[in-house]
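Input: a single structure, listed below in structure tokens.
The values are calculated or read from the model by the stated rules, or taken from the named source; none is laboratory data. Model, not experiment: these values are computed from the prediction. Here the Cβ positions follow ideal geometry from the backbone for every residue, glycine too, while neighbour counts run over all protein chains shown.
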Amino acid sequence: MVSAPTTEPVTPQRGGLHRVLVTLCVTETTSWGILYYAFPVLAGRISADTGWSLTRLTAAFSLGLVVSAVLGIGVGRWLDRHGPRWLMTLGSALAAVSVVGVALAPSFGWFVTAWAVSGVAMSAVLYPPAFAALTRWYGDRRVHALTILTLAAGLASTIFAPVTAGLASRLDWRSTYLALAGLLAVVTVPAHGWGLRLAWPPRPPAAVSATAHAHAPRRVLRSRAFLTLVVSFGLTSLTSYVVVVNLVPLLGERGIGPGTAAVVLGVGGVGQVLGRLSHAPLARRLGVRARTLVVLGTVALTTGLLGVLSWLPSLIASAVAAGMVRGIVTLLQATAVTDRWGARDYGTLSGVLAAPLTLTTAVAPFLGAALAVLLGSYAAMLLAMAGVGLAAAALSLGSVPPARPTRPPHP
């Protein structure tokens, strides 16, 4: 295995693991806030200034997510071998350059290209590489580290949506993006270069068991359990993101004003943070199969409730519940590979798993709106998506590989 050159051993006593975790909490929050959450705040201003329709703008942004999903597979394989330090450092630099490209775009073609470059950067700096880094460095304590990371990064929209709106109230959208690009470069490039300089541990040894050969990455990727996991999580992710991006128009159908709708959406974000605190107790009480079924089934249930309820307090409660279960899903996805096949090839396997999940974030805005038109209302669309969520929960029962008896090691 090739390791990133370093002179520092992996010693938690020297604060190395603590530094890594703090670094990723700061950089993931900043990266998500600028690369993802700034766009919906600025999209209306971009459209008004350039004449480019919101549909075209969203398509350009979605292209970046698609590029990120496709490249994430190779990124995970590379990270397994070399570690995250230079990958995330260079990815952060490219991210800042891409945001400058978005800000200076003189034409729509340039704008699309800049978002495609941003997608390359996203594949190197968002959750998948950070999850892989913490999984390898923290070993058996990975769930604790992943929970802290997702709790911190879950505040990205809470921090950067108002920051972006505040900048845009004083600057035009181009200057706002330039300011954000500067912040992204100043915070994340040196943080990744300095904070991730621990030695990259060797891959965990393969278990000496009848399944050891079956857990080789190629065999896992072709296995029925892995394919079922990808489909079930992909459908669940689609259901969750359709709720997020279509909650405000749904509430508008209920006669709820945009200001109140924004508050309901915000409390859903609070629920997401609370949900991540619930993952560890749930993991202690339920096995992998039961835990996955319960969480994915609850995604479907909360989606259906939002489609049938009309009383504002009940909608708020359902939005909080939907946010909580989204928070749990994030950690369920982060630990899905290690729960089933161990940590040895986490980067490779999680990169493949993350690809369709990232694609769902790209297609959810279009799919939700199209289904609402086809079915006649956003409420009917959410009921249909609840059915998709139930199918995903049922499929998840087949996402755990069969246990096989261990065999003694060869003498």
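Residue-wise test of (1) under 21 Å from the mean Cα position of the chain (by Cα); (2) among the basic types (Lys, Arg); (3) modelled with pLDDT of 85 or more; (4) surrounded by fewer than 17 Cβ atoms within 10 Å (Cβ to Cβ).
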residue: Leu353; (1), (2), (3), (4): yes, no, yes, no
residue: Leu359; (1), (2), (3), (4): yes, no, yes, no
residue: Ala364; (1), (2), (3), (4): yes, no, no, no
residue: Leu374; (1), (2), (3), (4): no, no, yes, yes
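Listed by first and then second residue, the pairs with beta-carbon distance under 8 Å, at least 6 apart or on different chains, first residue in the range 42-67 and modelled with pLDDT under 95, second exposed (fewer than 15 other Cβ atoms within 10 Å of the Cβ) and assigned to a loop (DSSP other than H, G, I, E, B), are Ser47/Ser53.
Of Gly271, Gly259, Gly287, Gly266, which residue is over 24 Å from the mean Cα position of the chain (by Cα), modelled with pLDDT under 95 and not assigned by TED's automatic domain parsing to the domain that holds Pro106? Quick ask: steps written out before the conclusion?
Details: Gly271 fails: over 24 Å from the mean Cα position of the chain (by Cα); Gly287 fails: over 24 Å from the mean Cα position of the chain (by Cα); Gly266 fails: over 24 Å from the mean Cα position of the chain (by Cα).
Among Gly271, Gly259, Gly287, Gly266, only Gly259 is over 24 Å from the mean Cα position of the chain (by Cα), modelled with pLDDT under 95 and not assigned by TED's automatic domain parsing to the domain that holds Pro106.
For the residues Gly376, Gly389, Gly342, the requirement of being out of contact with any strand residue (DSSP E or B) (no Cβ under 6 Å at 6 or more places or on another chain) and at negative phi singles out Gly389. For the range 259-301, the set of residues classified as touching a residue at least 40 places away in the same chain (Cβ under 8 Å), among the hydroxyl-bearing types (Ser, Thr, Tyr) and buried (at least 19 other Cβ atoms within 10 Å of the Cβ) consists of Thr292 only. The condition of being modelled with pLDDT of 95 or more and closer than 22 Å to His144 by Cα holds for Val26. Just one of (1) part of a helix (DSSP H, G or I); (2) aliphatic (A, V, I, L, M); (3) in contact (Cβ under 8 Å) with a residue 24 or more places away in the chain fails for Val248. It is (3).
Of all residues in the range 210-234, those being of a type in the set (A, V, I, L, M) and either modelled with pLDDT under 85 or under 20 Å from Gly268 (Cα atoms) (or both) number 4. Within the set Val186, Val117, Val112, Val143, the sole residue that is surrounded by fewer than 24 Cβ atoms within 10 Å (Cβ to Cβ), assigned to a helix (DSSP H, G or I), in the same structural domain as Gly72 (by TED's automatic domain parsing) and at pLDDT below 95 turns out to be Val143. Residue-level check: of (1) surrounded by 18 or more Cβ atoms within 10 Å (Cβ to Cβ); (2) farther than 30 Å from Leu315 by Cβ, Ala403 misses just (1).
The single condition from (1) out of contact with any helix residue (DSSP H, G or I) (no Cβ under 7 Å at 6 or more places or on another chain); (2) modelled with pLDDT of 95 or more; (3) under 17 Å from Leu134 (Cα atoms) that His18 fails is (2).
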